[in-house]
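The values are calculated or read from the model by the stated rules, or taken from the named source; none is laboratory data. This structure is a prediction, so every number in the text was calculated from the model and none was measured. FYI the Cβ positions are ideal-geometry reconstructions off the backbone, even for glycines, and counts take in every protein chain you see. Remember, those area values only see protein heavy atoms, side chains included, never the ligands or the DNA or RNA. Shrake-Rupley method; radii C 1.70, N 1.55, O 1.52, S 1.80 Å.
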Amino acid sequence: QVQLVESGGGLVQAGVSLRLSCAASGLIFNINVMRWYRQAPGNQRELVADITRGGITNYSDSVKGRFTISRDNAKNTVWLQMNNLKPEDTAVYYCAASMLGKNFWGQGTQVTVSS
């Protein structure tokens, strides 16, 4: 069993920064890709960013240049540094880990950005 726990969300004003963390625990063996998704009310869950075990990153166009994903393989942890937050970034943010052909999900952390 693998557990993913996100933290770092909150209510902030537009323009500020937040850093989300996601720590994986349990029966872990070489997590391949770690991803951050988000889901706003009434919207489908969308991929925000992902990072391979080797550090190759990918971002959605809506966050490119503002968000940075990073990870520590030894700690099985992934972070999402979010700068210059906008009201449209408001959503529940989920981390996901791909391992042995399966995807594992965290419970999500709320990020609310006020204008």
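Within region 69-81, the set of residues being over 14 Å from LEU4 (Cβ atoms) and under 10 Å from the mean Cα position of the chain (by Cα) comprises ILE69, SER70, GLN81.
Taking ALA74 as the residue in question, decide whether it is more than 21 Å from VAL16 (Cβ to Cβ), out of contact with any Ser or Thr (no Cβ under 6 Å at 6 or more places or on another chain) and surrounded by 20 or more Cβ atoms within 10 Å (Cβ to Cβ).
no
Within region 22-47, can you find the residues that are open to solvent by 30 Å² or more (accessible area, probe 1.4 Å) and over 15 Å from VAL63 (Cβ atoms)? Listed by number, the residues that qualify are ALA23, SER25, GLY26, LEU27, ILE28, PHE29, ASN30, ASN32, PRO41, GLY42, GLN44. Counting only strands (runs of 3 or more DSSP E) that sit wholly inside region 1-79, those with at least 1 residues that are among the charged types (D, E, K, R) and more than 15 Å from TRP105 (Cβ to Cβ) are 18-26, 67-72. Just one residue in the set VAL33, VAL48 is in contact (Cβ under 8 Å) with a residue 60 or more places away in the chain, closer than 20 Å to MET99 by Cα and aliphatic (A, V, I, L, M); that residue is VAL33.
Checked against (1) open to solvent by less than 30 Å² (accessible area, probe 1.4 Å); (2) closer than 17 Å to THR112 by Cβ; (3) without any contact (Cβ under 8 Å) to a residue 40 or more places away in the chain, SER60 meets all criteria but (2).
Taking (1) of a type in the set (Gly, Ala, Ser); (2) part of a strand (DSSP E or B); (3) open to solvent by 50 Å² or more (accessible area, probe 1.4 Å) in turn, ALA96 satisfies each apart from (3). Within region 1-17, the residues that satisfy the criterion of being in contact with a Gly (Cβ under 9 Å, 6 or more places away or on another chain) and surrounded by 13 or more Cβ atoms within 10 Å (Cβ to Cβ) are VAL2, GLN3, LEU4, VAL5, GLU6, GLY9.
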